[in-house]
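The values are calculated or read from the model by the stated rules, or taken from the named source; none is laboratory data. Computed from a predicted structure; not experimentally measured. Counting neighbours? That spans all protein chains shown, and the Cβs are built from the backbone with ideal geometry, glycine included.
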Amino acid sequence: MTAYPVQIDIKPEVEAFFDEATNTISYIVKDPTSDACAIVDSVMDIDYAAGRITYGHADAMIARVKDMSARLEWIIETHVHADHLSAAPYIQQHLGGKIGIGSKILVVQDTFGKIFNEGTEFQRDGSQFDALFEDGDTYQIGNLQAFAMYTPGHTPACMVHVMGNAAFVGDTLFMPDGGSARADFPGGDAGVLYDSIQKVLALPDEMRLFMCHDYGPNGRDIQWETTVGDEKAHNIHVGGGKTKAEFVKFRTERDAQLAMPKLIIPSLQVNMRAGAVPTDKDGRPMLKVPVNGL
């Protein structure tokens, strides 16, 4: 197993931005000893029925970075999201920074490039991103060393990003009463997801975990921060020593009952391009709808 460079004694400043339309939480993460920061899992707004894209959520994050007089160094995607569109290039245009994602983005691009019948102009080599992370790769946010953990299962390209005592888990885990994310998308695997979750739960108990989504189970208020210790003890899908067989049985049965995310078709097309909206032969922004393709 990869030896990860955990620095549990370093506490970055984390500010959350909740997007009610998609139940997504985006983050600004600031190095406590410099003006450098990162943004994790940004959101671009879309009115899918009207075919209209706007940037209110991203603009709020951009304004906050400017208010902090911070310097954006990284725009991190934990995975290719199927339920919201990334605003990474829009944020990069306004604040700079490098866009990074896991290196298995190539698998996702190949899979969905075929589903959306993309032509040869769609590069399947990850070149739309500035950095492709391998398991255990480190990068700097000012003086803060961050690292990426490869955590497939929900998708083939999922990674958890650890910055000091804060880990951004994407869809690998939900809050303890939310459990875990589905594993039935192309390239997903419930058994692989269980193994990835165990990697996350092997981090120190006091490690702060920040969710990408929360749906307020049983009517509770939206939450997005917990700890490894709390997940190990209380997560309804994997906590309390639940076995891999138990998890796979539950996850497989549960996934068979779930509808497709409402924004999966536009999200995949945009996010596999690092947040860029595809265009038609005349250069106009245009999305496809593959019929019976997913």
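Just a few scattered comments:
- Qualifying residue in region 255-269 (condition: within 30 Å of ALA131 (Cα to Cα), of a type in the set (S, T, N, Q), touching a residue at least 24 places away in the same chain (Cβ under 8 Å) and part of a helix (DSSP H, G or I)): yes
- Taking the criterion of being out of contact with any Phe, Trp or Tyr (no Cβ under 7 Å at 6 or more places or on another chain), over 22 Å from TYR215 (Cβ atoms) and not charged (D, E, K, R), the residues of region 4-38 that qualify are VAL6, GLN7, ILE8, ILE10, PRO12, ILE28, VAL29, PRO32, THR33, SER34, ALA36, CYS37.
- Residue match in region 210-229 (condition: charged (D, E, K, R), within 24 Å of GLY191 (Cβ to Cβ) and either out of contact with any strand residue (DSSP E or B) (no Cβ under 9 Å at 6 or more places or on another chain) or in a loop (DSSP other than H, G, I, E, B) (or both)): no
- Neighbours by Cβ (under 9 Å, 6+ apart or cross-chain): first from region 118-140, closer than 15 Å to ALA38 by Cβ and of a type in the set (A, V, I, L, M); second modelled with pLDDT of 95 or more and assigned to a strand (DSSP E or B): ALA131/TRP74; ALA131/LYS98; ALA131/ILE99; ALA131/GLY100; ALA131/ILE101; ALA131/TYR139
- Checking GLU225 against (1) closer than 23 Å to HIS84 by Cβ; (2) surrounded by 19 or more Cβ atoms within 10 Å (Cβ to Cβ); (3) in contact with a Phe, Trp or Tyr (Cβ under 6 Å, 6 or more places away or on another chain), the condition it does not meet: (2)
- Looking across region 80-104 at every residue that is among the polar types (S, T, N, Q) and either assigned to a helix (DSSP H, G or I) or modelled with pLDDT under 95 (or both), the one that is surrounded by the fewest Cβ atoms within 10 Å (Cβ to Cβ) is identified as GLN93.
- Pairing residues of region 35-58 that are part of a helix (DSSP H, G or I) with residues that are of a type in the set (Gly, Ala, Ser), at Cβ distances under 8 Å and at least 6 apart in sequence or on separate chains, gives HIS57/SER26; HIS57/SER42; HIS57/ALA87; ALA58/SER42; ALA58/ALA87.
- Test: residue in region 108-131 that is surrounded by fewer than 24 Cβ atoms within 10 Å (Cβ to Cβ), of a type in the set (Asp, Glu), more than 18 Å from the chain's Cα centre (by Cα) and under 23 Å from THR24 (Cβ atoms): no
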